[in-house]
Amino acid sequence: MIQTRNREGGREGGRKRKRRGKEIALSDSAQQRKKEDFSKRKLVGIPQELFSRASQVESLDLQVNQLKHVSLISKLTNLKELFLSWNELSEFPREVGELSSLEVLYLNQNRMGNVPTGVFSRLQNLRRLNLSTNQLSELPTDLGKCRKLAYLNISSNRLSNLQVLVGLQGLRELCVDHNRLVELPAELFLGTVLTTFKAVGNPLRKPPEEVCVGGVKDIQSYFSQLGAGLREERARRVKAMFLGSSMAGKSTLCRSLKEGQAVGVAVEDRTVGIDISEVERDGVQLLFWDFAGHEEYYLTHHVFITPQALVILTINLARCVRVGWHSGGSTWARDSEVVGLIPSIADPTSFKDMVSFWMNNVMMRVPDSVVLPVGTHADQCTESEIQEKEKDIGKNIREMLEERQSKLQSRISNIKDKDDPTPFSEQLHRLYHLADLNIKVLDLLPLDCTKSEEIMKLQEHILKHVQNKELFPNVESTLPRSYQVVESSIRNLMKNKDFPKHGIVGIDDLRKRCSDLEELAREDWQCILRYLHRIGIVMWYEEIEGVRDKVFTKPSFLITLFKTVVRHDLVKCLEDLPQNILQKVNGLGRYRKMWANELKGKSTLRNTAIAALVRRSLMQLDLAREDSFVKEIAGSRQREGELVCLLRHFDICLPIKLSSPLNPQAQEFDPRMRWSPSSAQTLYDPDGGYLFPGYLKDTVTVMKMWGVDRDDDLRVNVYFLPEIPYGVFHRLIIRACLLYSKYWLGKDCFLLGYDTTLVLLRQNSDKNQDEYIQIRCRERESKRETKREERENKHVCVRERERDKERRERE
Ligand SMILES: Nc1nc2c(ncn2[C@@H]2O[C@H](COP(=O)(O)OP(=O)(O)OP(=O)(O)O)[C@@H](O)[C@H]2O)c(=O)[nH]1
């Protein structure tokens, strides 16, 4: 998606760019530095005119040209800043090594394969160096002599060793994303002034990537614990995520793998949300995450689909029927009924629903994954059918991947062909990165899940692949012993009778309970907890205000909570709420119908309805004995419940006022500020409720308000490659509505009202199957329209009268 601009051509964040800009501006004014700007001129050599005033030039900008060599640059003896980004340099310009006054050197986005040793020995004043997006596999040993170097960007290269950087005492910012690093030198972090370190996209084992994403503090803690004389341990662990459409056989596979033999699953025993199980085989710990295939659950899946996992894409072979090829890739249809070019997600036999929807989701969320397609129900197909389907699915997936690559490449060329590609450098970097991260799809394995020997075949298959270091470089990681101790202490605690069955514990309480860890400093303990959170052993959302002091030691319980309000049969759950539960939340019997109708008609759930649903779930699990616990989860009149707090954070629901058509808590939008969910804190309204865009069914209200499209509407289309990820539009609804006081919502479209302006957003796909979000804007015509809008604003309000009546009845 086109969204970011980077004026400089480097790949630093906006803040840093600004800082650099400021630095330059300050030093400019102080020293009257002579600047020469020759950027974006399609130059193939340095302009000769420069040499007539060579000694005066202090800053030279040659970005975005076609330079293959840089000669005579050493004549600019007073040069302090040199920008050579976005050129065609395949060799490092050696003469640069003679520019002893140089403070800033940018050589990113070139094609250099190496930097010769000796160049940096004389660059003693160098403060900022950007060598990112080149093809470097080694760093010159003398780089470590640039004692003043404070910023170094060497991301998107082929580096596997950072030892030469040890000793750079002034280094504060270091970016090494997307290289081939397996280990990091501890000396780079311990006792240094490094404050920013980025290393995503490396096959890191020491420390593992889950530690590195926590930043310098977490890495320091990791190394100091490694160095504390405690034994280091090797952990071999892999998460296997079972994805695929409903009734494909995911639960059957998960449960059978756990038991080590074929286990039948009753058809009505549908997975709700996600099931988690864990087994150890051949010294590898396998965490199985079984994601429900029913559409309602896709909304929460993104919270749990994490990188570095093995994706087991489960396809019911008996359900797909081959009907021929066409460009849409929908090769399958039920009972020989040909589906449309873009088959509906609701068609469980379409190729899109069975394979490409999941593949696209995986490509978008975890694009460096390994996918193992497993064809279930092989016993219900003939040998030749299996072979044919196996071949077709493989071919279709390959075509999908090729199409994705070619789209990525064409977008890359589009940007590169622009006269000035620098504003798109961040986007280009992402495209390069996506093009690099080719998802690995293994051959389809057909299975009859009713046979134990077939289950064992799958187990062997999984173990063979996860032990392949090329496919899973991160399966093995080195951990300080304390990491293992904390993990096993928590596991042991969970076996204790007095440990809460739900597994939710206060963070300090948990630390106290792990008594064998007394010597571990609080900060180190938190770093370990963060690591355990990232690998999915516990959940600790320290960034969410309402739950930051809680640890969910049983992630499955968290998922159970999500299932309370995100489920395929929610209307029925509301209709079936027992009387005793209603009484607990001061509800009347007739509320069942009212709540069910509100959900069906407006996709809203009021607080009392949520409280009743949560209470019922907790009672079913025998966890409702402590009223205070139920209130913490479900909410009370004083405070928002932890469940909605989490759902809000993950953009699954939107707080709404049920009593008013307006949203008085809407944030004022400040374009200078970065918007984040936490900045959109809303006041808790005990009489309010939440809107779940995932349950929106039609577009009637929105389209009535909007009318027909007009030629003079202001219109912007935002295209997505290869399609709009599931749930993105829902999240857009939530984020946009938090900013506007008037909105009308529908399935796949919504309308925002501000002053006299209407803005329509809708997700579309055109005849070329390009998917995009369209933004249309127009002035409202008359006051009459405003009145009509208020009358029809039924998605965000129930009438005041109705609320009063309800209150009276309660009283
Ligand atoms: N004959 C046969 N039945 C299978 C096979 N695999 C699964 N089943 C049956 O298919 C049905 C659906 O399987 P599940 O494992 O519940 O499917 P799921 O993908 O988990 O479905 P959701 O929970 O809706 O996501 C169950 O009744 C299984 O026993 C197979 O290979 N052969």
Unmet criterion (only one of (1) touching a helix residue (DSSP H, G or I) at 6+ places or on another chain (Cβ under 6 Å); (2) of a type in the set (Asp, Glu); (3) modelled with pLDDT under 85) for Asp448: (3)
Among residues of segment 269-280, those that are near the ligand (Cβ under 6 Å from one of its atoms) and at pLDDT 75 or above, counted: 0
Strands (runs of 3 or more DSSP E) (entirely within segment 159-268) containing at least 2 residues that are under 25 Å from the mean Cα position of the chain (by Cα), away from the ligand (no atom under 16 Å from the Cβ) and more than 30 Å from Ile462 (Cβ to Cβ): 173-175, 196-198
Qualifying position, being in contact (Cβ under 8 Å) with a residue 60 or more places away in the chain and over 23 Å from the mean Cα position of the chain (by Cα), among Arg710, Arg731: Arg710
Total residues in segment 568-581, condition part of a loop (DSSP other than H, G, I, E, B) and either buried (at least 20 other Cβ atoms within 10 Å of the Cβ) or on the phi > 0 side of the Ramachandran plot (or both): 1
Filter pass, Ile462 being among the aliphatic types (A, V, I, L, M) and within 30 Å of Lys550 (Cα to Cα): no
Residue among Arg111, Arg147 that alone is among the basic types (Lys, Arg) and under 34 Å from the mean Cα position of the chain (by Cα): Arg111
Qualifying positions in segment 68-91 - buried (at least 21 other Cβ atoms within 10 Å of the Cβ) and not charged (D, E, K, R): Val70, Ile73, Leu76, Leu79, Leu82, Phe83, Leu84, Ser85, Trp86, Asn87
Qualifying positions in segment 718-756 - hydroxyl-bearing (Ser, Thr, Tyr) and in contact with a strand residue (DSSP E or B) (Cβ under 6 Å, 6 or more places away or on another chain): Tyr719, Tyr740, Tyr743, Thr756
The lone exception for Leu445 - which of (1) crowded, with 20+ Cβ neighbours inside 10 Å; (2) in contact with a His (Cβ under 8 Å, 6 or more places away or on another chain) it fails: (1)
Single residue of segment 363-387 satisfying the filter (among the small types (Gly, Ala, Ser) and not in a helix (DSSP H, G or I)) that is nearest to the ligand (Cβ to nearest atom): Gly375
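The values are calculated or read from the model by the stated rules, or taken from the named source; none is laboratory data. No experiment lies behind these values; they were computed from the predicted model shown. Please note: Cβ atoms are built from the backbone with ideal geometry, for glycine as well, and neighbour counts cover all protein chains shown.
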